[in-house]
Amino acid sequence: MNKIQIFNPGKVVFGADSLDQFVADYLKLSHRRLYMVTISPMVEKLGDTLSQFTAAGVATCINTTIVDEPTFDDFERLINEAAAFEADSVVGIGGGSVMDIAKLIAAQLHSEQTVDEVLSDGFRKKRSTYVACLPTTAGTGSEVSPNAIFVNSKGSKIGVISPELVPDAAYIDPALTMTVPPSVTAATGIDALAHCLEAYTNKFAHPVIDLFALEGVKLIGSSLLKAYQNGADAEARTNVALGSMYGGMCLGPVNTAAVHALAYPLSTEYHIPHGLSVALLLPYVMEFNLTASPERYAAVAVALGSTATGSQEEIAHSGVQIIKELIKNCGLPASLADVDIPLEAVAKLAAGAMPIQRLLKNNPREITLADAEKIYTSAFNLQEYEEKI
Ligand SMILES: [Fe+2]
């Protein structure tokens with residue numbers, strides 16, 4: 001069995017009114033200057049929270065400018081603001097980008113290290129600034145993971161993984177995801193499902209993480225369509241939020257593989273949102289991979305509700321079909337052509353994915369440049385593509 005190291009937040013609260021629990025817990029700490037990274041739609045919902053902080057003598061500084069994956073410039077801008085505010089604590093209340101930058105700010109706030117040094121050597125100092133995360137989407141699982149994503153000056157995504165990026169506390173209230181629009185629910189939900197699926201079928205899969213991964217596949221597979229169709233379905237929202245948290249627990253110790261590696265160039269080159277990039281490639285990478293691990297892909301199919309019979313490979317194929325149908329029923333595009341990517345881009349996309357060996361090395365089947373080209377080409381759903389041109 002592989003050795004595994006798991007870093008979890010010191011406290012995880014999952015359930016209704018977790019936001020209130022965050023406030024109650026925070027006020028028991030000695031921190032009094034809270035730098036809050038959040039999203040504009042949350043500011044109104046945070047009215048009571050802010051009043052409680054003010055009444056307790058906690059000063060807050062709110063930043064709502066992070067709407068996409070944070071760039072180096074975003075990071076410099078926000079960390080300077082947090083330092084000028086003399087923040088002694090940080091909270092991220094939002095989607096993955098908001099939580100990622102909150103974690104990075106807390107880790108770097110009193111550090112002399114530059115971002116480039118962190119990227120090459122990791123964090124030299126232990127994080128000394130308290131950070132909590134409260135997700136408002138069910139997708140990245142950043143609230144419990146040691147991961148954060150940056151976009152560098154060339155537009156490439158850089159993943160940072162460090163125990164210093166595991167928050168002190170995570171508060172997950174599925175009700176905070178209720179107002180997420182259906183298209184975002186769908187894309188972020190498929191991303192969360194992919195975190196679980198890529199961990200379970202990973203070359204470095206581990207029995208501890210398998211528990212979260214397979215259960216996450218089951219929870220999201222059974223509830224994502226319901227959450228997409230009716231955002232107010234509390235049970236479906238809860239299941240997807242829990243599955244997303246499980247996905248986050250998979251990210252540090254095992255992490256993702258080829259779906260994510262091949263998805264990155266779609267975001268870099270064509271600015272396709274992360275969850276959608278993942279959805280566009282997930283079934284095709286599954287099809288490519290399943291011969292390398294038919295038993296694991298068959299278990300995924302069963303977790304997704306397949307009742308297929310036959311060989312492990314046949315059952316595994318039924319899982320790919322279920323994923324394709326889920327993506328279609330959730331209103332997401334099923335072909336790279338649907339997001340205006342030309343077929344001629346395949347070679348460049350494949351060349352862009354190959355350097356992402358930190359994820360490709362996790363894939364259950366080795367992927368060569370030619371394989372990557374084949375997978376991108378299959379993601380055009382060529383028959384449909386030809387009908388369009
Ligand atoms: Fe992801």
Reachable lysines, given that their alpha-carbon falls under 20 Å from the alpha-carbon of Lys226 and they are not under 8 places away in the same chain: Lys218, Lys324, Lys328
Given N residues in the range 235-321, what is its alpha carbon radius of gyration divided by 2.2 N^0.38 Å? 1.20
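What does the C-alpha gyration tensor say about the overall shape of the range 252-389? Classify as rounded when a/c is under 1.5, otherwise prolate if a/b is larger than b/c, or oblate. Write down the numbers at each step before the final one.
Values: a/c = 1.76, a/b = 1.26, b/c = 1.40.
Here the range 252-389 falls in the oblate category.
Defining a contact as two alpha carbons under 8 Å apart and six or more residues distant in sequence, what relative contact order in percent does the chain show? Each step should come with its number before you reach the end.
Values: 765 pairs, mean separation 57.3, N = 389.
Taking the mean separation of contacting Cα pairs over the length of the chain, I get 15 percent.
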Would you please give the FRET efficiency between Ser51 and Glu269, computed as 1/(1 + (r/R0)^6) with r the Cβ-Cβ distance and R0 = 35 Å, to the nearest 0.05? 0.20
Label-point separation in nm, Ser222 to Glu117, each point 7 Å along Cα→Cβ: 5.0
Using 0.36 nm per residue of separation minus the Cα-Cα distance, give me the extension gain between Asp17 and Thr291 in nm, one decimal. 94.2 nm
Mind jotting down the distance between the C-alpha centroids of the range 20-79 and the range 230-302, whole Å? 30
Quickly work out the Phe72-to-Glu344 label distance, labels modelled 7 Å from Cα along the C-beta direction, and quote it in nm with one decimal. 3.1
Put one equal scatterer on each alpha carbon of the chain, apply the Debye formula with no solvent term, and list log10 I(q)/I(0) at q = 0.08, 0.12 1/Å to two decimals. -0.39, -0.88
Under the 0.36 nm per residue contour assumption, what length would be gained going from the current alpha-carbon distance of Lys3 and Ser128 to full extension? 42.2 nm
Between Gln357 and Arg33, what is 0.36 nm times their sequence separation minus the Cα-Cα distance? Round to one decimal in nm. 112.6 nm
Cα centroid separation, the range 130-162 to the range 317-338 (Å): 26
Env charge @ Ser18, Cβ radius under 12 Å, K,R +1 / D,E -1, value -4
Only bridges with both residues in the chain count here: give the DSSP antiparallel percent, nearest 5. 20
Placing +1 on each Lys and Arg Cβ and -1 on each Asp and Glu Cβ in the chain, then taking the dipole about the Cα centre, the residue among Leu19, Val151, Asn2 whose Cα reaches farthest towards the positive end is Asn2
Can you list the lysines whose alpha carbon sits under 19 Å from that of Lys361, skipping same-chain ones fewer than 8 residues off? Lys3, Lys157, Lys203, Lys374
Please report His206, His110, His274 as a ranked list, fewest other C-beta atoms within 10 angstrom at the top and most at the bottom. His110, His206, His274
Separation of the Thr179 and Ala308 label points, Cα + 7 Å toward Cβ, nm: 4.1
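Only the coordinates and a few stated rules stand behind these numbers; no lab work does. For clarity, every value in this text was computed on a predicted model and none was experimentally measured. Cβ sites come from the backbone with ideal geometry, for glycine too, and all protein chains shown count toward neighbours.
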